[in-house]
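To start, the structure itself, in structure tokens.
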Amino acid sequence: MGDADEPFSIQSVSKVFTLSLAMTAVGPRLFSRVGREPSGNAFNSLVQLEYEHGIPRNPFINAGALVVADTLLSRHDDPKTLILDHLSRLSGNPAVAYDPEVAESERETGFRNRALANFLKSLGNLENDVEAVLDLYFHQCAIAMSARDLARAFLPFANRGVNPETGAPEYAVRHAKRINSLMMTCGMYDASGGFAYRVGLPAKSGVGGAIACVLPRRLSACVWSPELDETGSSLAGTAALAIFTTSSGLSVF
């Protein structure tokens with residue numbers, strides 16, 4: 001309902017898909033370079049990265065997503081096309097694309113992300129050129145999709161890695177399970193505990209105003225409303241999902 005077909009910048013929701021591709025490429029080896037614990041700090045914290053000697057706390061904070069992007073660059077000749085093709089297939093929308101204006105804006109204003117990437121490089125946790133990693137990261141944040149697209153793209157995470165619309169396995173069962181657990185504990189950054197309390201679903205937010213979530217073996221969903229709360233998540237979107245799970249009784253708890 002509402003503006004379900006209006007494309008917008010998915011921003012950090014993209015981290016779920018790049019993580020799934022990286023896990024498919026390298027398996028559990030990825031987690032020697034990035035942790036699996038809630039951060040308890042802002043998603044772009046430099047202090048935490050320094051304190052933990054260049055090992056990001058989880059793959060959804062910005063430093064962790066940069067390590068994931070670096071992994072894709074090391075394993076694929078053209079990771080930008082890989083990501084777009086993956087999302088086009090999952091959503092059933094061949095028009096999924098990068099928004100060049102958003103990508104350029106990310107590049108022009110991404111000073112803290114550039115600092116994070118250089119710090120990771122200085123501590124030996126980036127294999128590729130810093131600018132190449134940042135370029136991939138800025139582009140993944142600039143992917144334009146609609147709420148309907150994202151809800152469809154999240155279906156395999158709700159169905160043990162299998163796309164129920166096509167019957168095709170997209171991810172290993174163990175990867176879908178682990179990504180859902182990371183969304184539950186880390187997907188809303190330092191507000192993940194409060195979101196689990198209010199909503200009770202594994203979810204990932206983005207500063208474009210989207211929240212995508214799943215109820216395993218039942219459904220996937222996406223809400224989009226651009227006004228953000230103090231932690232960078234959709235204010236109305238969180239409220240809508242809280243109303244939905246409370247009124248329907250559908251949650252993981």
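Summary table
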item	result
Within region 198-224, considering residues that are part of a loop (DSSP other than H, G, I, E, B) and more than 17 Å from the chain's Cα centre (by Cα), the one surrounded by the most Cβ atoms within 10 Å (Cβ to Cβ)	V199
Residue list for region 89-128, filter: farther than 18 Å from L72 by Cα and among the hydroxyl-bearing types (S, T, Y)	S91, S105, T109, S122
Those residues of region 41-81 which are farther than 11 Å from T18 by Cβ, over 14 Å from the mean Cα position of the chain (by Cα) and among the β-branched types (V, I, T), in sequence order	V47, I55, T81
Check on T231, at pLDDT below 95 and either of a type outside the set (F, W, Y) or not in a helix (DSSP H, G or I) (or both)	yes
Pairs with Cβ under 7 Å, 6+ apart, first in region 77-92 and among the polar types (S, T, N, Q) and surrounded by 20 or more Cβ atoms within 10 Å (Cβ to Cβ), second part of a helix (DSSP H, G or I) and modelled with pLDDT of 95 or more	S91/D149; S91/R152; S91/A153
Failed criterion for P156 (all others in (1) surrounded by fewer than 18 Cβ atoms within 10 Å (Cβ to Cβ); (2) closer than 26 Å to G35 by Cα; (3) modelled with pLDDT of 95 or more hold)	(1)
Exclusive hit being farther than 25 Å from T81 by Cα, outside any loop (DSSP other than H, G, I, E, B), of a type in the set (D, E, K, R) and in contact (Cβ under 8 Å) with a residue 60 or more places away in the chain, set R112, R152, R174	R112
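The values are calculated or read from the model by the stated rules, or taken from the named source; none is laboratory data. No experiment lies behind these values; they were computed from the predicted model shown. Neighbour counts run over all protein chains shown; Cβ positions are idealised from the backbone, glycine included.
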